[in-house]
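Written below as structure tokens is the structure these notes are about.
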Amino acid sequence: MAGRAALIGLVNTWAYRWVWLLACGVVAGSAGVAVAMHDVDHRFVVHGYVRDQQGKPIADARVIIRATRLDEGTTAFTDRQGYYTATIHLHDGDAGEPLEVSTGDETRKVTAEFNVTDKKTERGTEVNFGPAPASGSTEQGGGTERDTWVWAGLVVTILIGASAVIYAKTRRTPRETGRSKPKKHGA
């Protein structure tokens, strides 16, 4: 019985540590994206719409953006309106960098053009696939891919933290419950 209690104590201790390590990893992973491209002169945003041949939006389409000379890239997915946005890490020295934006079997080649002296205006370009939407339709884009990961990281961290607090508050030792250790028979 004593061995079982020691094993449960060990599992609880290690489980508690793993919960906190996981929470720290989620926070660090979420923050890394925001820190790496926090300034306008460290990022280039590519956004647009993906539509079928009738001009209807394609949801959950995979869009790949690749800086060909730097061999760097990112992937985004469209929302229900067919809108996507992706951020690629480019510096001032990367002005004029050729980019390939592709979805399905279509590829568009564009150039990352921006004013290297302008440190306030968002740098980016719009790349659309498929024909323009039918007249009278309204389009609204969703949040960025980075926003989605930051929010997901925040929610997971809060859930893990709340679980750890609830576990710590509900865990009771024999002394707190008023139980004493079992007595040995025959002593």
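No value in this document is a laboratory result; all are computed from the given coordinates. All figures in this text were calculated on a predicted structure; none of them were measured in a lab. Cβ: placed from backbone, ideal geometry, glycine included. Neighbour counts: every protein chain shown.
Computed FRET efficiency, Cβ-Cβ of K120 and D52, R0 30 Å: what is it to the nearest 0.05? Spell out each step's value before the answer.
Numbers: r = 37 Å, r/R0 = 1.25.
According to the calculation, E is roughly 0.20.
State the extension gain, in nm to one decimal, for the chain segment bounded by D71 and T111, taking 0.36 nm per residue of separation less the distance between their alpha-carbons.
13.0 nm
Just to verify a number: FRET efficiency for W151 and A59, C-beta to C-beta distance, R0 = 22 Å, to 0.05?
0.65
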